[in-house]
Amino acid sequence: MRLTLRLFSSVVQKRPFYVTTPIFYVNAAPHLGHLYTALVADAVQRFEKLTNPHYEIIFSTGTDEHGTKVQQAAAKANLSLAEYCANISSEYASLFRDFGVEYTDYVRTTEERHKKAVRHFWKELVDRDFIYKANYSGWYSVNDESFVPESHVKDEVRNGETVKVSLESGHRVEWTEEINYMFRLSAFKNDLQEWLKNDGVITPSKYQKQLQEMLENSTHLPDISVSRPASRVHWAIRVPDDEEQSIYVWLDALVNYLTAAGFPAARAWPADLHVVGKDILKFHGIYWPAFLLAARLRPPRRVLCHAHWTAAGVKMSKSLHNAVCPRAAPAAAHALRYLLLREATMAQDANYSETKLINVANSELADTLGNLASRCCGAALNPRQEFPALHAQELLQCSLNDVTVRLLDAAERMPDLCHTHYRNYQFYKAVDEVIHVLHLANLFFETHKPWELRKQVENQKHLDVILHITMETLRISGIILQPIIPDLSTKLLDKLQIPKDKRYWKDCERPSWKIKGAIHETKNIQSGKFVLFQRIYTDKNNVQKKKASA
Ligand code: MSP
């Protein structure tokens, strides 16, 4: 009985850490840009898990399945709406699983639990008088599922015809007049401005400034339409007590974050982090906090906004026909995951190309990391298949040349630096740091010529020091890289036989040679040939073969 109570209280006391991805439109199959959003959120939650093992991670993702776009896509695919949505939704789920996105909840907006949450949320807004009915007219973009103000619309000639398009997205807009329910966004200008004063509430700060300016520049924040006539948008959640109106897809979609938190019993609210692309910043940085405040709920603690992946300099998107399918990339999933998290910065767009993927994966995963691991774990230099003990005395006697000092120094500083980079969501800087240390480790290994030391018995201790320092550097790097390349890190740490409960952040904070008085024992490593990452061949035929078998 007492044991049950103790177990119960230790479960209850875990602090939830709630991170979300946007939910993905099912009007088209996933592309590399979508995958990226999910990978960013996954890397964040993995880092939290490493540093705070006592957190209960809630990581939600899912699919946004209502609206005109989906109606049109299902009709085009000649499938029933239910079947069409289920197909694309499961494509997202399986893509995420294959790329190591460890979500704990997957919300589909067509699920009953979600519809209940949306209706409940709507009633809260009505009860507090933040919703009213009005005649609405304006430019509407089906593609963006949003009204576009007159000032954000321009003329453009397309296929010989002059059409109106949205300045922001470039998508076509149509003049629309209808009866809608409106949300009193105008009532929240001050509250939103106050919320946006909190440092870091939107990261990076450039996006926070954009939102602040958006509010400052509008003397009057207009109310927004939050329903559509059901006659036009029938694939949607109906407004409670009004069968003729459908709830606006963005309101429906945003509430998914509450659905996963167990709303109306808001178990894990507010969310700790919403990860979003810059194209949907306004919805998360203006509309969503206003909806929440209107329902007397707290806005999210933080919104992390990222820039886009482009192909040949143009934003990757299905409608522009330049979307790259992640499964068609010429390598295993972890190479693409590595590239996406390693290359992109949150503030600037990044350009994708197969050549870049191949070059980065080969030079960093195969040559710099993989090759070093193979050499120090291989039977040629390490016939006893050990992670040798380190004896401080020997370290002093045989290794203090310039390269060694540089490596030891850089490896000691790496965990702290990487911790800061992860905390700032600057994954590329964390990876840069690790690769820099691994370059030094390769140089160190070469400089000490372990293949020569190996020939003389009296040099065995010296060789052990070289192997130890290299393997210790690999152990620390492996722990640090877990949020970026979880599968490869696991493979490396398994090879070095690092116990599963010794792979937390605290386990990489100090290298062995800095731990005074610690007894470093010799440990076995997993024996056998070790290839961490198979090089990708640039030869066209080989790339093609890989694609076919992927
Ligand atoms: N359904 C809405 C989100 C509702 S959340 C309450 C939506 N869906 S989406 O499928 O169009 O986009 C989902 C995510 O993918 C967004 O974060 C978006 O920024 C991201 N990306 C889509 N194309 C992208 C790139 N080319 N590059 C990086 N991310 C991009 O918006």
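The values are calculated or read from the model by the stated rules, or taken from the named source; none is laboratory data. Nothing here was measured: the structure is a model prediction, and the numbers come from that model. Don't worry about glycine lacking a Cβ; one is built from the backbone with ideal geometry, like all the others, and counts go over all protein chains shown. Accessible surface is based on the protein model in full, side chains and every heavy atom, while ligands, DNA and RNA are left aside. Shrake-Rupley method; radii C 1.70, N 1.55, O 1.52, S 1.80 Å.
Data for the structure
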{"quantity": "Residues satisfying the stated conditions in the stretch 251-261, i.e. of a type outside the set (Asp, Glu), within 9 Å of the ligand (Cβ to nearest atom) and part of a helix (DSSP H, G or I)", "calculated": "ALA253, LEU254, ASN256, TYR257"}
{"quantity": "Spans of helices (runs of 4 or more DSSP H) in the stretch 441-543 with at least 1 residues touching a strand residue (DSSP E or B) at 6+ places or on another chain (Cβ under 9 Å) and crowded, with 21+ Cβ neighbours inside 10 Å", "calculated": "460-480"}
{"quantity": "Number of the exception - THR104 against (1) closer than 22 Å to PHE59 by Cβ; (2) over 27 Å from the mean Cα position of the chain (by Cα)", "calculated": "(2)"}
{"quantity": "Number of the condition not met by VAL303 [criteria: (1) at pLDDT below 95; (2) hydrophobic (A, V, I, L, M, F, W, C); (3) in contact with a Gly (Cβ under 7 Å, 6 or more places away or on another chain)]", "calculated": "(1)"}
{"quantity": "Those residues of the stretch 497-529 which are of a type in the set (A, V, I, L, M, F, W, C) and under 30 Å from TYR36 (Cβ atoms), in sequence order", "calculated": "ILE498, TRP505, CYS508"}
{"quantity": "Verdict on VAL239 being open to solvent by less than 10 Å² (accessible area, probe 1.4 Å), touching a residue at least 24 places away in the same chain (Cβ under 8 Å) and more than 16 Å from the ligand (Cβ to nearest atom)", "calculated": "yes"}
{"quantity": "Every pair of residues 6+ apart whose Cβ atoms lie under 6 Å, when the first sits in the stretch 67-82 and is farther than 17 Å from THR109 by Cα while the second is open to solvent by less than 40 Å² (accessible area, probe 1.4 Å)", "calculated": "ALA77/TYR84"}
{"quantity": "Segments classed as strands (runs of 3 or more DSSP E), wholly inside the stretch 103-216, with at least 2 members that are buried (at least 16 other Cβ atoms within 10 Å of the Cβ)", "calculated": "105-108, 131-141, 146-148, 161-166, 174-183"}
{"quantity": "Selection within the stretch 22-40 - more than 7 Å from the ligand (Cβ to nearest atom) and closer than 23 Å to ALA261 by Cα", "calculated": "VAL26, LEU35, ALA38, LEU39, VAL40"}
{"quantity": "Residue check, GLU83 away from the ligand (no atom under 16 Å from the Cβ), assigned to a loop (DSSP other than H, G, I, E, B), surrounded by fewer than 16 Cβ atoms within 10 Å (Cβ to Cβ) and at pLDDT 95 or above", "calculated": "no"}
